[in-house]
Number of protein chains: 2
Amino acid sequence: MPLLREKEGLELIVWPEDRECDRSWLLDNIPGATGVLATLSNKVNEEFFEIAGPSLKVVSTLSVGFDHVDLVALNKHKVRLGYTPDVLTDAVADASVMLALMAGRNAGAGVTLVKEGQWPKFNWAPFFFCGPQLSPTSFTPKRTMGFLGFGRVAQATLARLAAFGITHCIYTGNPASSPDTALEERLKEQHKLQGIRRVDLDELARESDVVFVLAPGGEKTRHIINESFLRKMKKRSILVNAARGTLVDSDALAKALEEEWIWSAGLDVVEGEPKITADHPLLKHPRCVIVPHIGSATFETRLGMTTLAAKNLLAGISGEEMPSEVEVSKYV
Amino acid sequence: MPLLREKEGLELIVWPEDRECDRSWLLDNIPGATGVLATLSNKVNEEFFEIAGPSLKVVSTLSVGFDHVDLVALNKHKVRLGYTPDVLTDAVADASVMLALMAGRNAGAGVTLVKEGQWPKFNWAPFFFCGPQLSPTSFTPKRTMGFLGFGRVAQATLARLAAFGITHCIYTGNPASSPDTALEERLKEQHKLQGIRRVDLDELARESDVVFVLAPGGEKTRHIINESFLRKMKKRSILVNAARGTLVDSDALAKALEEEWIWSAGLDVVEGEPKITADHPLLKHPRCVIVPHIGSATFETRLGMTTLAAKNLLAGISGEEMPSEVEVSKYV
């Protein structure tokens, strides 16, 4: 905020409440704007651009993802798009590892059990409340981490998991490109892996002990984790989604948990969030642990994101080079 | 169980229920026993030895800790003690990292919020639900992990944290011994740390971003984390206890959270567990995340522990060398 407030010649209109901005307020206030700083919950679509009008030069989103932005409409209206990559990589990687551990170790059910005062009734026995171990043991010397999408966050997550002793990494990539063998060699050596390989979806499902969903959202990837994928997964495997809710078919996942095709799931995002009410099928299962989209929610990272978004906005307004601009031409 | 059942000439008496064994059943069944396989919840004290009688050669505990065993009484009755170190190191280190992440990222409150169907009412704002980030950022380039006790689990926890980019490690050790500089040098290089140093309790409290309590329980360490220690900690620091509940004064911790001396706490153990009812002072605080003593609760580790405990028992009965025997003479 100081960056924006202290900018000379800038008229600043700020949503006054400490919650997501109402659509009607947004549409009432964007006509004639030169730039708009938006968040994931603001649909930036044809309606948005038409109401904003031809003065609009830049939209700066406080997120690394931009599936809430209609890129075709943006391009048509000759508006530039700023985003906040890199600054949230570590926070989301931390959260991804946390969710893998929580899902494996029954942490959701554990927290609830203690919170509800049920611990005194908890009958201890050697295999009660057990789950599959993330780090390898003599019984499970091979631990394979699978990544659906292998960008910055996935690689930062892999780096953390390596220290838990995981042995193999598999990942999916754009089938149109060939695998980056130099990257694979570097990661294999750096993380002392026994193997790293690009695979197809089928093998990702069959071989992974944990599948980390870390691909972009949008129509192309909608429900890429569906019943067919989940049915192929190992019985003691874990699904982690720290990307976008749309990638996972919630009904299929609820069925997978109910019928024990997989062990558990750790979700930072759910399709249709935040409208996830207590009767949602995923909330019924004790081995589905869900946190409310907090992947990047650390003070330090959100300060980094807000600073970058403000800088993108100012650069876009004055027609200068933006610190982080989406290359829209690559997508339309 | 197969190891014990298939042992010729062994009469096996097994508690028939899938919960902790009743004291009265235990005392009714140990007279004349040659060996007893016990768990943390079985007090192995003078009463136990007197009732078991002179036939008792070995107690094999299914745990790495043995503060439930009266070593003076054990020694007096010339009984040997088996335990299960090493096999649970990785599982507890995994859980320690999980608790540090959960405490920092409001995962306890997050799980509860979603579970109770409150996500739709959750008003998103850039700094809502934020916590301090475990991995370093440009705003917090120095991240110091503090260990109260620096044994196997602490070192395995450090190895995992190193991959999150933490920069400094401080730890407490037995003041009677001098610091192990060779170990420090090795760990510093291996984990690419900027610094590693043995410190006193005062410095551990003042300098740590996360304090990991990983020391043995018992009278000597009771309430070592007390009001005085907690008052010295940083405002955004985190306390993790994956050792024994007795090490932390729960009332002092509740006050520390209430009055915001520290940011949050992640506990696998609480003094007086499992009798932690819903009115326990620690359960009132949203930033105190508690799981029901699941540090070693993975299938693989519990199988490793039960196998080792059975082997210790059999070796003790036949007077052979035990795979893992407590050197009782060091403690009495």
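The values are calculated or read from the model by the stated rules, or taken from the named source; none is laboratory data. None of these values were measured; they are calculated from a predicted model. Don't worry about glycine lacking a Cβ; one is built from the backbone with ideal geometry, like all the others, and counts go over all protein chains shown.
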> From the list B:F127, B:F139, which one is surrounded by fewer than 18 Cβ atoms within 10 Å (Cβ to Cβ), part of a loop (DSSP other than H, G, I, E, B) and touching a Gly at 6+ places or on another chain (Cβ under 8 Å)?
Replying inline: B:F139
>> Here is a check on your reading of the model: is B:F229 within 14 Å of chain A (Cβ to nearest Cβ) and modelled with pLDDT of 95 or more?
In response: no
>> The conditions are (1) hydroxyl-bearing (S, T, Y); (2) buried (at least 20 other Cβ atoms within 10 Å of the Cβ); (3) at the interface with chain A (Cβ under 7 Å from one of its Cβ atoms), and B:S296 fails exactly one of them. Which is it?
In response: (3)
>> Being closer than 21 Å to A:T167 by Cβ, of a type in the set (G, A, S) and surrounded by fewer than 20 Cβ atoms within 10 Å (Cβ to Cβ) is the filter here; which residues of region A:194-230 pass it?
In response: A:G195
> What do you reckon, is B:D251 more than 17 Å from B:L37 (Cβ to Cβ), crowded, with 18+ Cβ neighbours inside 10 Å, at pLDDT 95 or above and touching a helix residue (DSSP H, G or I) at 6+ places or on another chain (Cβ under 9 Å)?
Replying inline: no
> If only one of A:A215, A:A182, A:A154, A:A205 is of a type in the set (G, A, S), more than 22 Å from the chain's Cα centre (by Cα) and more than 11 Å from every other protein chain (Cβ to nearest Cβ), which one is it?
Replying inline: A:A182
>> Condition first: farther than 21 Å from A:D94 by Cβ, within 22 Å of the chain's Cα centre (by Cα) and without any contact (Cβ under 8 Å) to a residue 60 or more places away in the chain. Can you find one or more residues in region B:98-112 that meet it?
In response: no
>> I'd like to verify a number: residues in region B:121-137 that are at pLDDT 95 or above and within 7 Å of chain A (Cβ to nearest Cβ), how many?
In response: 7
> In this structure, is B:L81 surrounded by 23 or more Cβ atoms within 10 Å (Cβ to Cβ) and modelled with pLDDT of 95 or more?
Replying inline: yes
>> For the structure I just gave you, tell me whether B:P323 is more than 30 Å from B:L56 (Cβ to Cβ), modelled with pLDDT of 95 or more, within 14 Å of chain A (Cβ to nearest Cβ) and not in a helix (DSSP H, G or I).
In response: no
>> Quick check on region B:17-41: of everything there that is of a type in the set (A, V, I, L, M) and more than 24 Å from the chain's Cα centre (by Cα), which residue is nearest to B:K78 (Cα to Cα)?
In response: B:A33
> Can you tell me which residue in region B:268-279 is nearest to B:A215 (Cα to Cα), limited to those that are facing chain A (nearest Cβ under 8 Å) and not aliphatic (A, V, I, L, M)?
Replying inline: B:E273
> Out of A:V79, A:V72, A:V14, A:V44, which single residue is under 28 Å from the mean Cα position of the chain (by Cα), outside the structural domain of A:A163 (by TED's automatic domain parsing) and either within 15 Å of A:I317 (Cα to Cα) or acidic (D, E) (or both)?
Replying inline: A:V79
> Since B:L283 meets every condition but one in (1) surrounded by fewer than 18 Cβ atoms within 10 Å (Cβ to Cβ); (2) within 13 Å of chain A (Cβ to nearest Cβ); (3) without any contact (Cβ under 8 Å) to a residue 12 or more places away in the chain, which condition does it not meet?
Replying inline: (1)
> With respect to the numbered conditions (1) in contact with a strand residue (DSSP E or B) (Cβ under 9 Å, 6 or more places away or on another chain); (2) outside any loop (DSSP other than H, G, I, E, B); (3) not β-branched (V, I, T), which one is the sole condition not fulfilled by B:A243?
Replying inline: (2)
>> Just the residues that are farther than 21 Å from A:D90 by Cβ, in a helix (DSSP H, G or I), out of contact with any Lys or Arg (no Cβ under 9 Å at 6 or more places or on another chain) and among the charged types (D, E, K, R), please, taken from region A:249-307.
In response: A:D251, A:K255, A:K284
>> A:K235 - would you say it is surrounded by fewer than 17 Cβ atoms within 10 Å (Cβ to Cβ), in the same structural domain as A:L253 (by TED's automatic domain parsing) and under 19 Å from the mean Cα position of the chain (by Cα)?
In response: no
